[in-house]
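Each remark here refers to the structure printed beneath this line.
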Amino acid sequence: MVAVPASSRAASNDRAIAIWLLACCALIFLMVLIGGITRLTESGLSITQWKPIEGVLPPLNEAQWQDAFTRYQAIPQYQAIHSDMSLSDFKHIYFWEYIHRLLGRVIGAAFALPFLYFLVRGQIARRLVMPLIGLFVLGGLQGALGWYMVASGLQDRIEVSQYRLAAHLAMAVVIYLAMLWVALDLLVSSSFPRKRESSGGDMDSRFRGNDVKGIAGLRHTATLALILVFITLVAGAFVAGTRAGYLDNTFPLMEGRFVPPDYWHLTPFWLNWFENLSSIQFDHRILAETTWLVIALLWFFGARAPLTPGQRNALHVFFFLACLQVVLGISTLLSVVQLHIAVTHQAGALCLLTAALVVRHTLRRV
């Protein structure tokens, strides 16, 4: 019997773990999209209790449906906005919130069970154990943060706090990015043994040569682009949380001006960034335009840099998605936030964020 080299076994383990983490990333991606639909359809407050175990099952008979509807009728949102809602209409909004919460439970199981399997079989490198445990803990905290967000809309408000909504989205994105980075690291490390064998061991020297030839500037710009995409996405949560996208549905001007006339309407001035609807939308626009400009510069100078084919292709995809996202953002605004366009815009933001991380990862130090 021919013994399998330890390096090959480690590479195989890394690939299996990377595929598992990428599957979890796909579930988180879907989770964020359904969260956006939940928000846009005003479904987020339809379930007024947090039952991590019992809540796995939806209402199963008419009496249970009526009980859930009665609880919803007791909150300010129903009384102020949906007082004419029927039980049938309630079931529709309940569906989206239920799917959102159910998918959160599925993600927890999809992460925890394979993790335990790989851990028991000794397939997880020691250096990865604590980071993966940290991701699982963050996932649990994300569930608690989700309920903390929902609770803000059950008593004194007719919708959830935009601050808590933005925090909830930001946490999901941080988990997604961290998981994706680990998966990409594992995919790269698992490919090195085979490439070393086939290329005579010069893989590291080729990457080091690439790093020396002026890639540092591109790396810093890619880091800035990633940060800007993240900040713009979180700013979009404030637009969604305050419904600022339903105002000033013109582009490129707002009320006939570049800067809306009531930008500094609130005091202290910093409240305008989070509670003044015109300011919130304007800030999201400016962030988006600035982000596109940085990505365009990264793409322009990257086209003239000594990049590998993989790095160059990642930059092309990144710039294309940035342009597409600008079109989707303007379309969402001009359509007065039509559901299918707004959801596509949110999907585009996640795709752009993914591309930003991939570009930054390809430009990392080796």
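Would you mind checking the range 16-60 for residues with the amide N under 18 Å from a putative spin-label position 7 Å along Cα→C-beta of W147?
44-59
Starting from the exponent 0.38 and prefactor 2.2 Å, build the expected Rg for the chain from its residue count and divide its actual Cα Rg by it.
1.13
Based on the Cβ-Cβ distance from L116 to I158, what FRET efficiency comes out when R0 is 51 Å, to the nearest 0.05?
So, using R0 = 51 Å, E works out to roughly 0.75.
List the GluC sites (Glu not before Pro) within the range 226-320 that fall in a DSSP loop (any state other than H, G, I, E or B) and whose Cβ has at most 16 other Cβ atoms within 10 Å.
Sparse-neighbourhood loop GluC sites (Glu not before Pro): E255.
Treat the count of other C-beta atoms within 10 Å as a stand-in for reagent exposure and order H82, H220, H345, H316 from fewest to most.
H220, H316, H82, H345
Based on the Cα coordinates of the range 17-72, what is the per residue volume of their convex hull in Å³?
Each residue corresponds to 102 Å³ of Cα convex hull volume.
Between R105 and L57, what is 0.36 nm times their sequence separation minus the Cα-Cα distance? Round to one decimal in nm.
Full extension of this stretch gives 16.1 nm more.
Give me log10 I(q)/I(0) at q = 0.14, 0.19 Å⁻¹ for the range 7-194, Debye formula, one equal scatterer per alpha-carbon, no solvent.
The Debye formula, applied to the Cα set alone, gives -0.80, -1.21.
Counting every Cα pair in the range 203-366, what percent are over 19 Å apart?
57
According to a simple spin-label model (label point 7 Å from Cα along Cα-to-Cβ), what is the distance in nm between E255 and T70?
4.7
Can you check what the net charge comes to around A16, using other residues whose Cβ is under 15 Å from the Cβ of A16 (Lys, Arg +1; Asp, Glu -1)?
After counting each charged neighbour, the total is +1.
With a 10 Å Cβ neighbour count serving as the proxy for reagent exposure, in which order, fewest first, do K91, K51 appear?
Result, fewest neighbours first: K51, K91.
For the range 80-143, take every pair of Cα atoms, bin their distances at 10 Å starting from 0, and report each bin as a whole percent.
The distribution over the range 80-143 is 18, 33, 20, 15, 10, 4, given as percents.
The numbers here are math on the coordinates, done by the rules we state, and not lab data. Bear in mind that the values here come from a model prediction, so they are computed numbers and not experimental data. Every residue, glycine among them, receives a Cβ derived from its backbone with ideal geometry; neighbour counts consider all protein chains shown.
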